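Any read-out appearing in this document is the output of simple, stated calculations on the displayed coordinates, not a laboratory observation. Bear in mind the structure is a predicted one, so any value in this text is a computation, not a measurement. Counting neighbours? That spans all protein chains shown, and the Cβs are built from the backbone with ideal geometry, glycine included.
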Amino acid sequence: MIEYALTFAFGCFGIGLLCNLYRIFIAPGVVDRVLALDTMVINIIALLVLYGISTKTGMYFEAALLFAMTGFVSTVAYCKFILRGDIIE
């Protein structure tokens, strides 16, 4: 039963990732693109966790944590760049 749930979840998050890619390329403003990138990071983290569950290894959970930290820092840097025009003061 867990295989069916994992397949369904992979499909849902994959479709969500494709929707985010569409939104990145077809977006009216920079803020929408930053939000789409942040949501894409969340979907990739979910896919990594699901793949870790399906392979029964803990390595993918650690990779998901590293990806989450990198995604958070990059989102903050993008937002700071949009607000102030530079990242390093």
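The set of residues in region 32-89 being in contact with a Gly (Cβ under 6 Å, 6 or more places away or on another chain) and not polar (S, T, N, Q) consists of VAL41, TYR60, PHE61. From the list ILE26, ILE42, ILE82, the lone residue that is among the hydrophobic types (A, V, I, L, M, F, W, C) and within 30 Å of TYR4 (Cα to Cα) is ILE42.
The residues of region 4-29 that are under 16 Å from SER54 (Cα atoms) and in contact (Cβ under 8 Å) with a residue 12 or more places away in the chain, listed by number, are LEU6, ALA9, PHE10, PHE13, GLY14.
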